[in-house]
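**Student:** Sharing a structure, written as structure tokens. Questions coming.
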Amino acid sequence: MDTKPTLTIDGRVIAIEGERNVLEIARKAGIDIPTFCYHSELSIYGACRLCLVEIEGRGIQTSCSTKPEAGMVIHTHTTEIRKMRKIALELLLANHEQNCPSCPKNTTCRLQEIAKKVGVTEVRYKPTAPKQKIDDSSLSILRDPNKCILCGDCVRACREIQGVGVLDFAGRGATSCVLPAFGKDLAKVECVNCGLCASVCPTGALTPKSEIEAVWQDIENPQKKVVVQIAPAVRVAIGEAFGLPAGSVEIGRMVAALKMLGFDQVYDTSFAADMTILEEAEEFISRKLKGEKLPQFTSCCPAWVKYAEQFAPDMLDLLSSCKSPQQMFGSVAKKMLPELLGCKKEDLVVVSLMPCTAKKFEAKRPEFKDENSLPDVDHVLTTQELARMIDEAGIRFADLEPQSLDMPLGFKTGAGVIFGVTGGVTEAALRYAVEKLKGVKLTNVDFQEVRGLEGVREAEFDIDGTKISIAILHSLKNAGAIIQQIRDGKCKYDLIEVMACPGGCISGAGQPILRDLLDKKERAKGLYAADKMVQLHKSQDNHILKECYDKYMNGEIGGHVAHQLLHTTYHNRRRILGETVHLFGEGDQKRLAVSVCVGTSCFIRGSQTLLRQIVDFVDGEGLSDKVEVEATFCFEKCDRGPTVQVGEVTIEKCTLEMAKQAIQAQLATLK
């Protein structure tokens, strides 16, 4: 009879059942060893030194990076270990900004929580770090380096999950810090505003940027009509902020709370999600039947859209031209509501409640303003911000009696509700496309094939001879891998759904911080349950949506008016803004300028290696007094990189030999 290997931890015999490390064994045994830098979805780092344990015969080890072995005898809270943890916490607190009561992470800060758990009652060390400037340049994320504890969670999350890597360590020893590329502000680097860094940050070093005060001002302005839309994923997470179970559907209490806060009307973004399905599914069916612009990418996630604009401008034609549900709602609201609510368009304020920090950036995009520069969406609040507003107003959320959403923009089907979880957009589109292609009413609306929380999932359907191959993925690193397949001619998909946040909007950076991965599953279950709570489950069955099309868009899905109101275009975005980086040859003497683009698209095509080769060539040929080599961003030719400019000549798909010939030819003309 097979027996499982065991080890002993704090006097208890525990079976080893595939755990990666001693830390996971301890947690299975009900022992909460403190840690800052351990996340099950990230690589093991071992930087914070809090998860120390004593292993007999080995001494003190980090539990997160020690593999469990049969026969180990482990102690987790000896006197020496407890003292070491306290000292580590005190050293962190000595240089940490001491404004905890006013910090956005107050009560949810891991530093606070762990300091209390390990028994820190005083800080015996003096601060040595100078005060640093707060970076508030981003529309989505506030970065306060004074609260950074160098755990590296943000660095690894951005690199390993999103494949972006805008944050990294700089400096050494006492000057170590975490910075965006080249020490620039977040708004000037490749950040896609997803906020994953803020969701894993254990302190207030990275937090969603607040718009609470601006919303309060509009609510209290008697001239303004302030309406609010609630995104699907918010309803299954807001309750956690008030002690309710993860996944509980709290749309009714939210409506009650929002009315008490002073909002004039409360609507549902799911109405616009239904509209997105009509437009996006029609667009997909047209592309599929014509065999053009495939695969079609979804365009609901603004972090994904910005990623595509920055890293894959050659893919932009493949994105659906549909606006996101947030922006569709804003467009429709600004067109319909002034008449319905009896106010001027300029006095209508549209507020979004979103699980997402990238929505803040999206709402400020110039594409989403009218001819008078009025934005379709005026303010974006995250779930966390709404919870703070409810607390500010003294509202006891859990005690509220549910109220109903306002009509007409509060009506939705279950298809719009499931947008908030990975696979939900695809399933909603299938509920439309299968019925449209078959020409018969769809009775079974559940497509289990596209559900799940795996990072990449595939599904294939044969709809009366029309074969459709689908990929559903979350996390932008997975999107980058699919993009490379397309470039290599190896992509087999017709439709690709992309969401930046792991699990989709349910775990967006604006949601209450996830303490347990099981909560993510509960939020997903909550959305599927919410789908079943409504009577209609297909976007095409939303009769109020049909009335909207008939009155405001000539009754045409995908028609001219609908296209003007509900669709948009994307463009190549410059990644890193600012000065070029001179590598050598800089000086007062006039030299031949050689510029190599090191933006991401060129980088992945070998520009960094090419840059080093050009520098070596210039140095080896003794041309450093005649040639100035610099790294720059960017020539806006991202699909034709690596790009090099020699004097006034721009070379696409440049090789070292091409660069050499151009340099020698240009130098010959200067003699």
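**Student:** From the cross-link list Lys467/Lys538; Lys28/Lys525; Lys133/Lys520; Lys441/Lys532; Lys83/Lys209; Lys412/Lys492, which pairs have alpha carbons spaced over 26 Å apart?
**Tutor:** Beyond 26 Å: Lys133/Lys520; Lys83/Lys209; Lys412/Lys492.
**Student:** On to the next question. Cross-link partners among aspartates and glutamates for Lys626, C-alpha distance below 16 Å, same-chain residues fewer than 8 apart left out?
**Tutor:** Glu586, Asp588, Asp616, Glu648
**Student:** Let me ask you something else. With Rg and Dmax of the Cα atoms in Å as the read-out, I listed (i) 26.8, 94; (ii) 27.2, 87; (iii) 32.8, 127; which label goes with the value calculated from this structure?
**Tutor:** Correct label, based on the coordinates given: (ii).
**Student:** How much solvent-accessible surface does Thr569 expose, in Å² to the nearest 10, with a 1.4 Å probe and all protein chains in place?
**Tutor:** About 100 Å², ignoring ligands and nucleic acids.
**Student:** Still on this structure: Helix-derived [θ] at 222 nm for the chain: sum -39500 (n - 2.57) over DSSP H runs of at least 4, divide by residue count, nearest 500?
**Tutor:** Calculated mean residue ellipticity at 222 nm is -10000 deg cm²/dmol.
**Student:** Another question about this same structure. Report, in whole Å, the centroid distance computed from the Cα atoms of region 458-529 and region 411-427.
**Tutor:** Taking the Cα centre of each part, region 458-529 and region 411-427 sit 13 Å apart.
**Student:** For the ranges 292-303, 270-281, what's the packing order if you count other beta-carbon atoms within 10 Å of each residue, average per peptide, and put the highest first?
**Tutor:** Ranked by mean Cβ neighbours within 10 Å, highest first: 270-281, 292-303.
**Student:** Here's a follow-up. For a protection proxy built on the mean count of beta-carbon atoms within 10 angstrom, sort 36-42, 353-359, 8-14 highest first, please. Numbers along the way, then the final one.
**Tutor:** Numbers: 36-42: 19.1, 353-359: 30.6, 8-14: 14.7.
Listed from highest to lowest mean packing, they are 353-359, 36-42, 8-14.
**Student:** Also: Report in % the part of the accessible area of the chain that belongs to carbon and sulfur, leaving out ligands and nucleic acids; probe 1.4 Å.
**Tutor:** 50
**Student:** Could I ask something else about it? Output the peptides 190-203, 552-565 sorted from most to least packed, where packing is the average of other Cβ atoms within 10 Å over each peptide's residues. It would help to have the intermediate numbers written out before the result.
**Tutor:** Values: 190-203: 26.9, 552-565: 15.6.
Descending mean neighbour count gives 190-203, 552-565.
**Student:** Under 16 Å from the Cα of Lys4, which aspartates and glutamates turn up, not counting those fewer than eight places away in the same chain?
**Tutor:** Glu17, Glu19, Glu69
**Student:** At Val456 and Thr3, where each label point lies 7 Å from the Cα along Cα→Cβ, what is the point-to-point distance in nanometres?
**Tutor:** Taking the two extended label points, one gets 4.3 nm.
**Student:** How high is the FRET efficiency between Glu220 and Lys441 when r is their beta carbon distance and R₀ equals 45 Å, given to the nearest 0.05?
**Tutor:** E(calc), rounded to 0.05, equals 0.40.
**Student:** Another one. Return the sequence-ordered ³J(HN,Hα) values of region 154-169 in whole Hz as given by the Karplus equation 6.51 cos²θ - 1.76 cosθ + 1.60 applied to θ = phi - 60°, using x for Gly and Pro.
**Tutor:** Once θ is set to phi - 60°, the couplings for region 154-169 become 5, 4, 6, 4, 5, 7, 7, 9, 9, x, 9, x, 7, 10, 7, 6 Hz.
**Student:** State the extension gain, in nm to one decimal, for the chain segment bounded by Ala94 and Lys590, taking 0.36 nm per residue of separation less the distance between their alpha-carbons.
**Tutor:** 173.5 nm
**Student:** How far apart, in nm, are two points set 7 Å out from the Cα along the Cα-to-Cβ line at Leu244 and at Thr175?
**Tutor:** With each label point 7 Å from Cα toward Cβ, the separation is 5.2 nm.
**Student:** Apply 1/(1 + (r/R0)^6) to the Cβ-Cβ distance of Met260 and His543, taking R0 = 45 Å, and write down the FRET efficiency to the nearest 0.05.
**Tutor:** Efficiency at R0 = 45 Å is approximately 0.90.
**Student:** Next up: Can you give the accessible area per residue of region 332-454, in Å², using a 1.4 Å probe?
**Tutor:** Solvent-accessible surface per residue comes out at 39 Å².
**Student:** With both bridge residues required to lie in the chain, what share of the DSSP beta bridges run antiparallel, to the nearest 5%?
**Tutor:** 55
The values are calculated or read from the model by the stated rules, or taken from the named source; none is laboratory data. Everything numeric here is computed off the predicted structure, so don't read it as measured data. Virtual Cβ from ideal backbone geometry, glycine too; neighbours counted across all protein chains shown. In case anyone asks, the SASA skips ligands and DNA or RNA and just uses the protein heavy atoms, side chains included. Shrake-Rupley method; radii C 1.70, N 1.55, O 1.52, S 1.80 Å.
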